[in-house]
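Bear in mind these aren't lab numbers, they're just calculated from the coordinates by the rules spelled out. Only a predicted model underlies this, so the values are computations on that prediction, with no experimental measurement involved. Cβ: placed from backbone, ideal geometry, glycine included. Neighbour counts: every protein chain shown.
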Amino acid sequence: MASATDSELGVDATPWTLLRGKASHLREILRPFIRVLRANPLTLIGFILVVIISTTALLVAIVPVISQVVLGHPVLLTPYDPNGISTDYSQAPSLKHLLGTDKLGLDIFSRVLAALPLDLAIGVGIAGFALLLGGGLGLVAGYWDKPRTLGGVISAVILRVTDVFLAFPSLVLALAIAASLGRGTGPSILAVLLTWWPYYVRLTRGEVLAVKHRPYVVAARAAGVSEVRILFRHVLRNLIEPLLVYYTLDIGTVIITFSTISFVGIGVPLDVSEWGTMVEAYEQLLLTHPWTVLAPGAAIFITVLAFSLFGDGLRDILDPRSRRTLVQAVAATTLPGQVAGAAEA
Amino acid sequence: MVEPVLDVQDLSVEYEAGAGTFHALTGVSVRLDPGRVVGIVGETGSGKSTLAHAIPRLLPEPPARIVSGKISFRGVDVLDLPKWKLPLLRGTGIGMIFQEPINSLNPAYRIFDQVAEAVAVRKLRDAGESPTLFPAPEPHDYSKGMVVKSGEALLHPIATKLPGRRRRARREALMQDVLDYLRLVRINDPETILDLYPHELSGGMRQRIMIAMALSAKPSLLIADEPTSALDITIQAQVLTLMKELMEEVQTSILFISHDLGIIAEMADEVGVLYAGHLVEFGPVEEVFANPRHPYTKLLLRSVPAQYKDDGPLPALSGSVPSLANVPPGCPFHPRCPLMRDACKTNPGPLLEPVKGISARTHLSACYYSDEVARKA
């Protein structure tokens, strides 16, 4: 025990003991997360899926770029060129074409895989933009809402503009904007981007209004903490959990909305691999060549599900209260021998 | 005559609500001398908390509105301060302890971070790194109550546990003070609770931590707003004992607000009795409780159950506290007062005007007939 204390103190510290201290330190931080994940298998499944999906998307996106630089020619991670027409048209799933091919001989698996980075980036990016913009505006609108002050006027303006956007169903508004901008990846991203943030304004404002009158905020004010510091340290800190959970769940919704715009035929052009576009393009083949439609549909389903499961469990990981309870629950169900073993290790 | 720490004169506060105007405080005057403890006692809805929150300007305005009066704290007119200066007044000038310790600690932070924030407020102001209204160092010496004054705690393993160089540096800089203040409130191994969250502690521990936070800013005036009401009776006794010990050690002036006559009798030097937003009686605590000069105080004291004594049903005050939306004109207590005369209905009570030359008047009462009240056993 004494030696452990010495090494943590940096007494007689060699680079090796310092490094080892760092590693155990990291393990110490991660431990509660790992326990929560183990206590709730659905979160674990969601978490694993999110990791797999994100890693795959990253590799599919960057390997061609890196190989272009290093080797002089791009190396695709997809088995076939997603836009390469071949003579193997209308094939059922086989070992050669895992998810079959369409009428032009395009490999469905390659197209679904090639679409992954785009769809994921859209989900994460658009929801992220909405979180930052809407969250920021909601924070201001919620915290400085006193009528007849400058802050009150600003917050009223923010909320009325938000109301204008919220007056239309977001999908209808996004479709209208996308249709007026013309077909293309950029315009449809812009359409969703413009319609998505108002929800975050409302959500954040509601949470701020709930938190800012909590006794601990008054207590912080009574302790002489400045308003800006209270806003960030006491109000925002207690919003992070609900916002992050909502954001994670929202990634799937953005992907679905974006795919819907493509599905209606005013979104991403046909030569760009995108799940919604693929479902639209193959829609008439549902009865004769079902794999062409089901594969991108399943990709949307799995991605959305993964983020939903993960988002649900994220609440437990982030909230100190439920985290400790879960950890204690796991500790209670762990066999005494295991605990003793872990303590010794 | 000593310069008072706090001088509240003729303070009136209203709440503007949809249903009408609520007169939470009407013409309340309280004076607090250095090192003294003034208790404010009153029923629910008598305006105790409004008074507690009005002094450091913590009332939400609107709906609250300070209609008239003057609050002078260490010679500074609090009601005259611009808004941006208010944080400078709070914490180091006027500290506060709240009723519900569980809700008054931020659930997202560990104990260390909670206390460190309070310590940092004082440290930065003393070091001149952030502006302050009261640059003069406080006259109190807090070191008496501190058990250990060595750097020992810094060497504790927990001190090196947090990630990040900046956070660790901050942690080390504030660690000694945090541990000292936790020991000051009689937490014996403060190292063990530094990394816990508030919900993992008992109510009594949480209130100790709130007290440590309030004291760590070394306020000249501490406002304790029913600090023990949310605690169960044994913990209440512990916290009160602690506060009593601390009063001697830190010698801060305290405004102690409670609905419990026993606690006030135990803690306070002077007591003010609030009824429907009016201060009806004010004076040394022994005087007020032994010879009440206002019928309300008298009846209130009579309804306190006596120990080991059974003389039938407890006398209760008939009627109920008037709604603050329509406080009766004249003396607010007249509808329930057994001594009520016609004058009481129309003329407001002479607000604590001491009539000189009558030796029996030992303290201030808002009753016209205070002599009569005092005479009647």
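Extension gain for residue A:92-residue A:286 works out to 68.6 nm (0.36 nm per residue, less the C-alpha to C-alpha distance).
When each of B:318, A:262, B:303, A:67 is scored by the number of other beta-carbon atoms lying within 10 Å, the sequence from fewest to most is B:318, B:303, A:67, A:262.
By the compact-protein rule of thumb, 2.2 N^0.38 Å, the alpha-carbon radius of gyration of the stretch A:200-299 corresponds to a ratio of 1.78. Nearest-5 percent of antiparallel DSSP beta bridges in the stretch B:168-326? Just about 55 percent of them are antiparallel. The mean count of C-beta atoms from other chains within 10 Å of the C-beta of residues in B:248-261, rounded to a whole number, is 0. Remark: the residue A:27-residue A:227 segment gains 68.4 nm on full extension, using 0.36 nm per residue and subtracting the alpha carbon distance.
Shielding value for A:205-216 is 2, the average number of Cβ atoms from other chains within 10 Å of each residue's Cβ. The mean sequence separation of alpha-carbon pairs under 8 Å and at least six residues apart, normalised by the residue count of the stretch B:1-98, gives a relative contact order of 34 percent. When the inverse distances between all different Cα atoms of the stretch B:229-336 are averaged and flipped, the Kirkwood radius reads 15.9 angstrom. Remark on residue B:223: its backbone amide H falls under 5 Å from those of B:95, B:96, B:97, B:255, a criterion applied only to residues 5 or more positions apart or on other chains, H modelled at 1.01 Å from N. Holding the Cα-Cα limit at 21 Å, pick out from B:85/B:123; B:48/B:218; B:48/B:70; A:146/B:85; A:146/B:70 the pairs that are longer than that. Violating the 21 Å limit, Cα to Cα: B:48/B:218; A:146/B:70.
Using the Cβ-Cβ distance between residue A:103 and residue A:65 with R0 set to 25 Å, the FRET efficiency from 1/(1 + (r/R0)^6) comes to roughly 0.20. Going from the residue with the fewest nearby Cβ atoms within 10 Å to the one with the most, B:344, B:331 rank B:344, B:331.
Each other residue within a Cβ distance under 9 Å of residue B:58 adds +1 if Lys or Arg and -1 if Asp or Glu, for a net charge of +3. Among A:229, B:57, the ranking by other beta carbons within 10 Å of each residue's beta carbon, starting with the fewest, stands as A:229, B:57.
A protection proxy built from the mean count of other Cβ atoms within 10 Å ranks the segments A:43-51, B:94-102, most packed first, as B:94-102, A:43-51. Hey, quick one: spin label on residue A:210, modelled 7 Å out along Cα-Cβ, who in the stretch A:242-274 has an amide N within reach, i.e. under 15 Å? From the stretch A:242-274, the list is A:242-247.
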